[in-house]
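Data block below; observations after.
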Amino acid sequence: MTVAFTLPIILDGGMGRELQSVGAPFQQPEWSAQALIEAPHFISQVHASFIEAGAEVITTNTYALVPFHIGEKRFNEEGANLMKLAAQLARQSVADHPGLLVAGCIPPVLGSYRPDLFTLEKAKPLLEIVINSQLADADIWLAETISSIAEADMIKARTATTDKPTWIAFTVKDEITTAPALRSGELIYDAVSQIAGQHVSAILFNCSCAEVMETALTVSKQALFDLGIADEVQLGIYANNFPPIGDLHEANNAVKGIRKDITPQRYREFAATWIKAGASIVGGCCGVSPAHIKALAELKNT
């Protein structure tokens, strides 16, 4: 599939905290899955808000539909059907908006920010359910908050068996450095060099602070250039609106606070620097609201 948008492409923002802000059922450890389970109309409401704000890609609300968030029992009994429902709701949300895409979210199936928990043996069966449950409704795959090369490599291998392009979004350490790294400690240059290309048509960075993204982008651009595929693979950024996340953080141990300094205008300013540095896809992750996405859409139209 060819994405026929003028650049930059505008993604949606963070589902979980927007659900919380509109009064949907929301708590840890279920996160954004709770609303899908108890009151799925709120999912449609948030999708509609991001579309109205200018989002061109709507991501399925499947990020928290893994045992890490909803528990082994519920996942085994309801996981596949819940993922199908989430994908259907995303598809319905774009039905009256020709040209908008549905991104089938592929979460870190064994836990966010925890590359130490990842094993192929445990992850592969979960990935199968994630892929098969969304296959009918997803236009593209969006692997989100990936912390290690190993997990990205597994996802790349599996999505290659579908007819859909794959976008891999890595989460990086929230540290200002000239040698940015994934949460696993692996260098971004190495991750991009190994994963970009073939059906992986975009490399993105998400769920990290806005301040660390430009360096990640610069290193990625160099890696693509060195591979000789800089014209074939897009780069993108969708930061979170959280304080820095440390190496010992566990994604479902508490609800993090939202930064007050990353206003829609400030986020737009960050996005302008990312676009100037080579990003052709921009959006938002946790805590990035429709107002932030509207600011990005306005930036695109200036």
Hey, if you drop one equal point scatterer on each alpha-carbon of the chain and run the Debye formula without solvent, what base-10 log of I(q)/I(0) do you get at q = 0.08, 0.13, 0.14 Å⁻¹?
-0.29, -0.83, -0.98
In the neighbourhood of LEU217 defined by beta carbon distances under 13 Å, the net charge of the other residues (Lys, Arg +1; Asp, Glu -1) is 0
With the dipole of the range 9-300 worked out from charges on the C-beta (+1 for Lys and Arg, -1 for Asp and Glu) around the Cα centre, which of THR161, GLN88, VAL192 lies farthest toward the positive end?
GLN88
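Taking 0.36 nm per residue of sequence separation and subtracting the Cα-Cα distance, how much length would be gained by fully extending the chain between THR119 and SER44, in nm to one decimal? Spell out each step's value before the answer.
Working: separation 75, 0.36 × 75 = 27.00 nm, distance 3.38 nm.
Between THR119 and SER44, full extension yields 23.6 nm more.
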Over the range 9-300, what is the percentage of antiparallel beta bridges among all DSSP beta bridges, to the nearest 5?
10 percent
Compute the distribution of all C-alpha to C-alpha distances in the range 15-107, in bins of 10 Å from 0, and list the percent of pairs in each, rounded to whole numbers.
18, 52, 26, 4
Excluding same-chain residues fewer than 8 positions from LYS300, which aspartates and glutamates have a Cα within less than 13 Å of its Cα?
GLU56, GLU269
Within 10 Å, count the other beta carbons around each residue, average over each peptide in 39-52, 208-221, 72-85, 284-297, and list them highest first.
284-297, 208-221, 39-52, 72-85
Give the order of THR162, THR60 when sorted by the count of other beta carbons within 10 angstrom, beginning with the fewest.
THR162, THR60
Net charge of neighbours whose Cβ lies under 14 Å from the Cβ of THR166, counting Lys and Arg as +1 and Asp and Glu as -1
-3
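Taking the Cα centre of the chain as origin and charging only Cβ (+1 Lys, Arg; -1 Asp, Glu), how large is the dipole, in debye to the nearest 20?
So the magnitude is around 320 debye.
The numbers here are math on the coordinates, done by the rules we state, and not lab data. The structure displayed is predicted, hence computed values, not measured ones. Using ideal geometry, Cβ is built from the backbone for each residue, glycine included, and neighbour counts are taken over all protein chains shown.
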